[in-house]
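Colleague: Let me begin by handing over the structure; questions about it come next.
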Amino acid sequence: MKTKNGIILAAGIAAILALFSACVKENKTSARTVEQIKKSGEIKIAVFSDKKPFGYVDEYGEYQGYDVYFGNRIAKDLGVKVKYVPVEAASRVEFLVTGKVDIVLANFTVTPERAEKVDFALPYMKVALGVVSPESDLVTKPEDLIGKKLIISKGTTAETYFTKNYPEVELLKFDQYAEAYSALLDGRGAGMSTDNTEVLAWALENPGYKVGIESLGELDTIAAAVQKGNTSLLEWLNNEIVELGKENFFHADYEATLRSTYGAESDADALVVEGGKL
């Protein structure tokens, strides 16, 4: 026989479970198929707003950069308008899970951990980690950072790499790249680590700073990502990347958005991936 307290307890547990289930449903928003995107007339793409030259907002308030160039072509080939949504590194997965965007094109490095939560399309870039620091006290190897502060952005592969391989290095973490670079300029850390493509570009525009470590860790790939299970959009993206490779689209993207930063002698093949093939 159930007691009065037992009935109350059971009812309470049932209410908690119902609330939890509702929260899960609320936080998980179904992804839109290609047909639904086309019908709406707009695709929502997450990009960085402060990571020049890959994704940033120019002086006219317009989105520019390597990822944006690709996003514009995606929208064109879908026959829809594009709505760019600014995102921080640590919130890229959440923006897909909650359906805030259809695609993430924010310099998203493919990792096994991330692949458990989102679906990655074929790669369109390759990258490793780099470390930029003042020329007057140049960091040339990770061991130089032991006992010092290294500036990173939350949710990046740099955070994962140094946490795992160099726990003796103190990480000074920021949500936004602009904040991280400001901290470096202010001398709050011995250096900053993120994708080598990014730190190389930043150092070229900031006299007195140099990339003392140009390649760290394994060679990684950058890819577009969609919500887990969105096979409709994933298949469309993969086919799009293969077709764009036939016209050397990403080399054209490099020339339009990156050449002026890296210089006439830079090698596009060091970064560009065409047709999804390394």
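Colleague: Pick from ILE103, ILE213, ILE152: which is most flexible by mean-square fluctuation in a GNM of the chain where alpha carbon atoms under 10 Å apart are linked?
Modeller: Highest fluctuation among the options: ILE213.
Colleague: Using +1 at the C-beta of Lys and Arg and -1 at the C-beta of Asp and Glu, which of THR156, ILE37, ILE74 has the Cα lying farthest in the positive direction of the dipole of the chain?
Modeller: ILE37
Colleague: Just how far, in whole angstrom, is region 240-278 from region 59-112 if you go by their alpha carbon centroids?
Modeller: 18
Colleague: For THR98 and ASP267, calculate 0.36 nm times their separation in residues minus their Cα-Cα distance, and state this gained length in nm to one decimal.
Modeller: Details: separation 169, 0.36 × 169 = 60.84 nm, distance 3.82 nm.
Separation in residues times 0.36 nm, less the Cα-Cα distance, equals 57.0 nm.
Colleague: Here is a follow-up. Between GLN36 and LYS154, what is the label-to-label distance in nm when each label sits 7 Å out along the Cα-to-Cβ direction?
Modeller: 2.9
Colleague: Report the local net charge at VAL132: Lys and Arg +1, Asp and Glu -1, summed over other residues whose C-beta lies under 15 Å from its C-beta. Intermediate values should be presented prior to the final figure.
Modeller: On the way: positive: LYS51, LYS52, LYS141, LYS148, LYS149, ARG188, LYS210; negative: GLU135, ASP137, ASP144, ASP186, ASP195, GLU198, GLU205, GLU214.
Combined, the nearby Lys, Arg, Asp and Glu give -1.
Colleague: Write out the GluC sites (Glu not before Pro) in region 240-278 meeting two conditions: DSSP loop, and at most 14 other Cβ atoms within 10 Å of their Cβ.
Modeller: On the way: sites: GLU240, GLU243, GLU247, GLU255, GLU265, GLU274; in loops: GLU247, GLU265.
Sites meeting the loop and neighbour criteria: GLU247, GLU265.
Colleague: First obtain the Kirkwood hydrodynamic radius of region 166-278 from its Cα pairs, then insert it into the Stokes-Einstein equation at 10 °C and 1.306 mPa s, and state the resulting D in µm² per second as a whole number. Present the calculation step by step, with values, prior to reporting the outcome.
Modeller: Numbers: Rh = 16.8 Å.
Translational diffusion coefficient: 94 µm²/s.
Colleague: Which pairs break 30 Å Cα to Cα here: LYS38/LYS277; LYS173/LYS228; LYS141/LYS246? Each step should come with its number before you reach the end.
Modeller: Values: LYS38/LYS277 28 Å; LYS173/LYS228 28 Å; LYS141/LYS246 39 Å.
Over 30 Å Cα-Cα: LYS141/LYS246.
Colleague: So, one more: Net charge near ASP50: determine it from the other residues with C-beta under 12 Å of the C-beta of ASP50, scoring Lys and Arg +1 and Asp and Glu -1.
Modeller: Numbers: positive: LYS51, LYS52; negative: ASP58, GLU88, ASP175, GLU179, GLU198.
Computed value for this residue: -3.
Colleague: Taking the Cβ of ILE241 as the centre, find all other residues whose Cβ is under 10 Å away and add up their charges (Lys, Arg: +1; Asp, Glu: -1). Don't skip to the end; give the middle numbers.
Modeller: Values: positive: LYS277; negative: GLU240, GLU243, GLU274.
My count for the surroundings of ILE241 gives -2.
Colleague: Run through all the Cα pairs of the chain and give the fraction in each 5 Å bin from 0, expressed as whole percent.
Modeller: 1, 6, 11, 16, 17, 15, 11, 8, 6, 4, 3, 2, 1, 1, 0, 0, 0
Colleague: Filter the GluC sites (Glu not before Pro) in region 156-234 to those in DSSP coil with at most 12 other Cβ atoms within 10 Å of their Cβ, and list the result. Please report the intermediate quantities before stating the final value.
Modeller: Values: sites: GLU159, GLU168, GLU170, GLU179, GLU198, GLU205, GLU214, GLU218; in loops: GLU168.
Of the GluC sites (Glu not before Pro), the ones in loops of region 156-234 whose Cβ has at most 12 other Cβ atoms within 10 Å are GLU168.
Colleague: Another question about this same structure. For the chain, what relative contact order do you get, as a whole percent, if you take Cα pairs closer than 8 Å and at least 6 residues apart?
Modeller: On the way: 511 pairs, mean separation 66.1, N = 278.
24 percent.
Colleague: So, one more: Using the Kirkwood radius over Cα pairs, work out the Stokes-Einstein diffusion coefficient for region 41-126 at 10 °C and 1.306 mPa s, in µm²/s as a whole number.
Modeller: Values: Rh = 13.2 Å.
The estimated diffusion coefficient comes to 121 µm²/s.
Colleague: Would you mind calculating the gained length between SER260 and LYS81 on full extension (0.36 nm times residue separation, minus the Cα-Cα distance), in nm to one decimal?
Modeller: Working: separation 179, 0.36 × 179 = 64.44 nm, distance 2.76 nm.
Taking 0.36 nm per residue and subtracting the Cα distance, the gain is 61.7 nm.
Colleague: Expressed as a whole percentage, what fraction of the accessible surface of region 101-248 belongs to carbon and sulfur atoms when a 1.4 Å probe is rolled over the protein heavy atoms? Don't skip to the answer; put the middle values down first.
Modeller: On the way: 2990 of 6320 Å².
Ligands and nucleic acids excluded, carbon and sulfur reach 47 percent.
Colleague: Accessible area of VAL97, 1.4 Å probe, to the nearest 10 Å²?
Modeller: Result for VAL97: roughly 50 Å² accessible.
Colleague: State, to one decimal in nm, how far the label point of SER182 lies from the label point of GLU205, with both points 7 Å from Cα in the Cβ direction.
Modeller: Placing both labels 7 Å beyond Cα along the Cβ direction yields 1.6 nm.
Colleague: Which whole-number value in Å² is the accessible area per residue of the chain, probe 1.4 Å?
Modeller: Numbers: 13890 Å² over 278 residues.
With the other protein chains kept in place, the chain gives 50 Å² per residue.
Colleague: If you build the convex hull over the alpha carbons only and average its shadow over all orientations, what do you get for region 55-180? Give it in nm² to one decimal.
Modeller: Numbers: hull surface 38.3 nm².
Computed as one quarter of the Cα hull surface, the answer is 9.6 nm².
Colleague: Run the numbers for ASP175 and HIS251: contour at 0.36 nm per residue of separation, minus the present Cα-Cα distance, in nm.
Modeller: Values: separation 76, 0.36 × 76 = 27.36 nm, distance 3.07 nm.
Extending this stretch completely gives an extra 24.3 nm.
The values are calculated or read from the model by the stated rules, or taken from the named source; none is laboratory data. All figures in this text were calculated on a predicted structure; none of them were measured in a lab. Positions of Cβ are backbone-derived with ideal geometry, glycine not excepted, and every protein chain shown enters the neighbour counts. When the accessible area is computed, the model is the full protein with side chains, heavy atoms only, and any ligands, DNA or RNA have been set aside. Shrake-Rupley method; radii C 1.70, N 1.55, O 1.52, S 1.80 Å.
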